[in-house]
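For reference, the structure discussed in these notes is given below.
The values are calculated or read from the model by the stated rules, or taken from the named source; none is laboratory data. All of these numbers come straight from a predicted model, not from anything done at the bench. As a convention, Cβ positions derive from the backbone with ideal geometry for all residues, glycine included, and neighbour counts pool all protein chains shown. Surface areas here come from the heavy atoms of the whole protein model, side chains and all, with no ligands, DNA or RNA. Shrake-Rupley method; radii C 1.70, N 1.55, O 1.52, S 1.80 Å.
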Amino acid sequence: MTNHPRGGKTNTLGVDVGGSFIKMLRLAGDGSIQVTRSLPLPSTAAEMMQAVVRGASELRDKETVAVGVGMAGLVRWPAGVFAWGPHLPGTEIGARQQLQQEWSLPVVVDNDVNCAALAELEVGAAIGVRHGVMITIG
């Protein structure tokens, strides 16, 4: 954990909703991974969102300041509405709104590959690069 500019410690939660699993982690402000969790992907949209809430709530601690969620499919950004995905259940899910109401924290929901690219820029292999390309196979 690192000191937040406004004081205190900061952690963030990352959630990857993929075609088979929901993978989650709590990330310290210095970019180190504190804890991870993996859950099987449920078969309905309601169960999927309940699994995200339940799993991430268990990882959340008092220093958690924000949550980022990547979903495999078309996500309307910045509203965070999951429109459709080839491997995920449901359509037109207001994921960002649901999760912000649940946790009273800032939540960003975007396409999973966009989230992966941003993570590499912030804490991964692309730190400090001016131009980069993100390729995912899955």
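Using a 10 angstrom cutoff on alpha carbons, build the Gaussian network for the chain and name the most mobile of P86, P40, P106.
For the chain, modelled as a Gaussian network with Cα springs under 10 Å, the answer is P86.
Take W77, W103 and sort them by solvent-accessible surface of the protein heavy atoms, 1.4 Å probe, largest at the top. Intermediate values should be presented prior to the final figure.
Details: W77 155, W103 10 Å².
The residues order as W77, W103, largest area first.
Please report the antiparallel percentage of the DSSP beta bridges confined to the chain, to the nearest 5.
Values: 20 of 32 bridges.
Of those bridges, close to 60 percent are antiparallel.
Taking amide H positions as placed 1.01 Å from N in the peptide plane, with prolines and chain starts having none, which residues 5 or more places from E63, or on another chain, fall under 5 Å of its amide H?
Placed amide hydrogens put nothing under 5 Å from E63.
Which entry in (i) 98; (ii) 114; (iii) 138 is this structure's computed volume of the Cα convex hull per residue in Å³?
Answer by label: (ii).
Around A72, which amide H atoms from residues at least 5 apart in sequence, or from another chain, sit under 5 Å from its own amide H, with H modelled in the peptide plane?
V17, D112
Which of I22, I127, I93 ends up with the largest GNM mean-square fluctuation for the chain, with Cα atoms connected below 10 Å?
I127
Return the sequence-ordered ³J(HN,Hα) values of the stretch 41-56 in whole Hz as given by the Karplus equation 6.51 cos²θ - 1.76 cosθ + 1.60 applied to θ = phi - 60°, using x for Gly and Pro.
6, x, 8, 10, 4, 4, 5, 4, 5, 4, 5, 4, 4, 4, x, 5
Among the GluC sites (Glu not before Pro) in the stretch 63-138, which ones are in a DSSP loop with at most 11 other Cβ atoms within 10 Å of the Cβ? Mind listing them? Please list the in-between numbers first.
On the way: sites: E63, E92, E102, E120, E122; in loops: E63, E92.
For GluC sites (Glu not before Pro) across the stretch 63-138 that sit outside H, G, I, E and B with at most 11 neighbouring Cβ atoms in 10 Å, the list reads E92.
If exposed trypsin sites (Lys or Arg not before Pro) are those in a DSSP loop with at most 12 other Cβ within 10 Å, what is the longest stretch of the chain that has none? Please list the in-between numbers first.
Values: sites that count: R6, K62, R130.
The reported range is 63-129.
Quick one: Cα centre-to-centre distance for the stretch 115-138 and the stretch 35-53, in angstrom?
25
Considering only L25, L118, L59, give the residue with the highest GNM mean-square fluctuation for the chain, with springs between Cα atoms whenever their separation is below 10 Å.
Result for the chain, Cα springs under 10 Å: L118 fluctuates most.
How high is the relative contact order of the stretch 1-107, given as a whole-number percent (alpha carbon pairs under 8 Å, six or more residues apart)?
Numbers: 210 pairs, mean separation 26.0, N = 107.
After rounding, I find 24 percent.
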